[in-house]
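See structure below.
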Amino acid sequence: MVRLTRAEYRQRVYGGWLGKLIGAAVGAPGDGRRSAAGGQGARQYLEALSRAPMPAQEGSDFQLVWLRALERAGPKISLEELISAWLRHLAHGRGEYPYALANFRRELAPPASGAFENPFREGLGALARAELWGMVAPGDPERAAYYAYQDAMLDHAGAGVEAAIWLAGMASGAFAESQIPRLIEIGLGLVPEEGRVARAVRDVLRWHGDLAHWARTREMLLRAYSSEEVRDSAICAGLIALSLLDGRGDFERTLATAANCGGSTICTCGASGAVLGLALGADAIPAAWREAIPGEVVAGREVRGLPRREGAAMAAERTCEMGRLVIRSECAGRVQLVEAPPEEPNTLAAPEVSALLRQLAMGPYVTCYQRGPVEIRIDYDGPPTIGYDRPRRLPIGLTNVAARSLDLQARVSGPAGFVVTTSADGITLPKGGAVTFVVTISAPREQARIWAVNPCTLFVSLEDGTEATAPITLVGEALWYAAGPYGEFGEAHAPERPEVLSGEAPLEAEGWRRLSVAEPGVNLLAGLEGEQGTYYLASDLWMPRRCRAEAACRARLRVGCNDGTRVWLNGQEVFSQHEHRPVSPRSADEFEVELREDWNRLVIKMAQCSPRRFLSVALKDLDGQLLVESGNTVPREVS
């Protein structure tokens, strides 16, 4: 049992907010730096801190919004309520966020919303905001982990989710455990042992002994878990663990190590500062560091409908108020708020995380719904897409959570022209019983038209006449055409004929190979192999007729490639570069284009000098949000 006085709880939470704010401010100047700093000391960072403005940070933006959502929804906050709060208050247009928002608009539920066509799905966005869940579930790492899991799967998958769970568990455990290695182990007990996050953090624990130097351990971490993405969650988790271990409970040394390690230092310094702030309490943070910042949480310009600034003390008070509700509702028997300091030391209850680990093991394309007495599980078994003449087989699971037997009928409806078959007839489920059946959905080329979003619906009819429904969203696979390889990138080849570039010639002509691409925003060449050379990728993009105003037809085209590219839109060259880059979501260029109503011919010339083939394409509005209604799921001549 963990027993906290109200004063101690508030002091710890205030320390967590201050530690995060101080850490983020320390890390801001060097954020994104790939190399290690030259061993700067804490005093040098403190001097710089006193001259720097308080930075806005994405993690704090989400935490402010989640606090507001908790105040409205209460301790049993649902995924739908988190999504609603996001849509109401947040408009981030970079990194993983626009991809998740696009999936919300497609009506893809978590965890698919965080995984599908999201090149940043293992990024650190959820890790950067996970401490809040430890603050509202103090001394209950299991409850904090579940909250963090719900949050993270909105816009992440894999390591992006596991790192957030790990940090939330540590933040919660810090209310009862002060030994850093033990605290790190508490977080590790909540995530899969075989995952990249657990392996990276365990290796840091093993490598960084008493005589180890942080720079050597950092070098070993980066070598073993090499990532070309500076915001990789597994690497960031390893750096947070390294900073805490090297700091040995000393606030100044911990932040100096985190900043010296480089990488996404706003996140790593902020997380390290938050965990120590929770373990130490606000009064134990050195006064010079507390006085070096304004002590305000500054919301970014992407936050809507909330105050731009809020004092850290007020944020802590609001957090504690919600925490008191969570403790009474969700942490009974494990955590208690008391009036007088307890005589016995606090001990954390052994977490029972088997259910959470089972959910993580199912992967990001299994969506669950609670509909009255029936729990529905839809298994997409991969990206939730559909192409012509390629049937999708979806296992559907039904579980009876009622206190009585249920007689059910199940059917699935699809768009016009789609063919839907199911193996489910009359179903009788005893109390606690479960059944799995298969639905097959296909789109025959001769009778169906695949759109950007193709909504299907599962209907489960009960014997009392009531009916439960669950959405099954299938995203139309994008139609692309490939030609090549050709010779030198600097030479003009057959696909550069004016009639091809302008859209006057059909792409079904000889020499072009049709591709049906599930995730063009991640890599439209995934799974393709071929010799090195110059390739051409082309598609016809359809824009809705409602885009009549000139401003509405302006957009941003995002093209990612690890080599040279030239881009034509409707016959006009709009971009050109030839630079060798790593295969990374950040290896991309965004540039403004003007689109016509209806059809637009896009042609990309790509130099492929290395064995790794990578090309991603996404179309965004001027605010950075993906244009999900525009697409290329049907040949131009069919329309």
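The values are calculated or read from the model by the stated rules, or taken from the named source; none is laboratory data. No experiment lies behind these values; they were computed from the predicted model shown. Neighbour counts run over all protein chains shown; Cβ positions are idealised from the backbone, glycine included.
For beta carbons closer than 6 Å, sequence separation of 6+ or different chains, a first residue in the range 390-403 that is in a strand (DSSP E or B) and a second that is small (Gly, Ala, Ser), the qualifying pairs are Thr399/Ala434; Asn400/Gly433. I need the full set of residues from the range 514-541 which are under 21 Å from Asn600 (Cβ atoms) and surrounded by fewer than 16 Cβ atoms within 10 Å (Cβ to Cβ), in order please. Correct list: Arg514 only.
In the range 361-411, the qualifying residues are those that are among the acidic types (Asp, Glu) and at negative phi, and the one that is surrounded by the fewest Cβ atoms within 10 Å (Cβ to Cβ) is Asp407.
Which of the residues spanning the range 209-218 are out of contact with any helix residue (DSSP H, G or I) (no Cβ under 6 Å at 6 or more places or on another chain) and free of Cβ contacts under 8 Å to residues at least 40 places away in the same chain? Answer for the range 209-218, where residues must be out of contact with any helix residue (DSSP H, G or I) (no Cβ under 6 Å at 6 or more places or on another chain) and free of Cβ contacts under 8 Å to residues at least 40 places away in the same chain: Gly209, Asp210, Leu211, Ala212, His213, Arg216. For the range 588-637, the tally of residues that are charged (D, E, K, R) and within 18 Å of Phe116 (Cβ to Cβ) stands at 2.
Here's the yes/no breakdown for (1) farther than 27 Å from Leu4 by Cβ; (2) surrounded by fewer than 24 Cβ atoms within 10 Å (Cβ to Cβ):
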position	(1), (2)
Thr257	yes, no
Cys261	yes, no
Ile266	yes, no
Ala271	no, no
Leu276	no, no
Gly281	no, yes
Ile285	no, yes
Ala288	yes, yes
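No other residue among Ala284, Ala292, Ala279 is under 17 Å from Glu8 (Cα atoms) and in contact with a Ser or Thr (Cβ under 6 Å, 6 or more places away or on another chain) apart from Ala279. Picking from residues in the range 66-92 that are outside any loop (DSSP other than H, G, I, E, B) and small (Gly, Ala, Ser), the one that is surrounded by the most Cβ atoms within 10 Å (Cβ to Cβ) is Ala69. The condition of being closer than 22 Å to Gly187 by Cβ and of a type in the set (Gly, Ala, Ser) holds for only one of Gly300, Gly295, Gly333, that being Gly333. Considering the conditions (1) under 26 Å from Leu108 (Cβ atoms); (2) modelled with pLDDT under 95; (3) touching a Leu at 6+ places or on another chain (Cβ under 9 Å), Val439 is excluded by exactly one of them, (2). Pairs linking a residue in the range 347-358 that is touching a residue at least 60 places away in the same chain (Cβ under 8 Å) and under 19 Å from Leu183 (Cα atoms) to a residue that is among the hydrophobic types (A, V, I, L, M, F, W, C) and buried (at least 16 other Cβ atoms within 10 Å of the Cβ), with Cβ atoms under 6 Å and 6 or more positions apart or on different chains, are Leu348/Ala176; Val353/Leu190. Can Gly249 be described as surrounded by fewer than 24 Cβ atoms within 10 Å (Cβ to Cβ), on the phi > 0 side of the Ramachandran plot and not in a helix (DSSP H, G or I)? Yes, satisfied.
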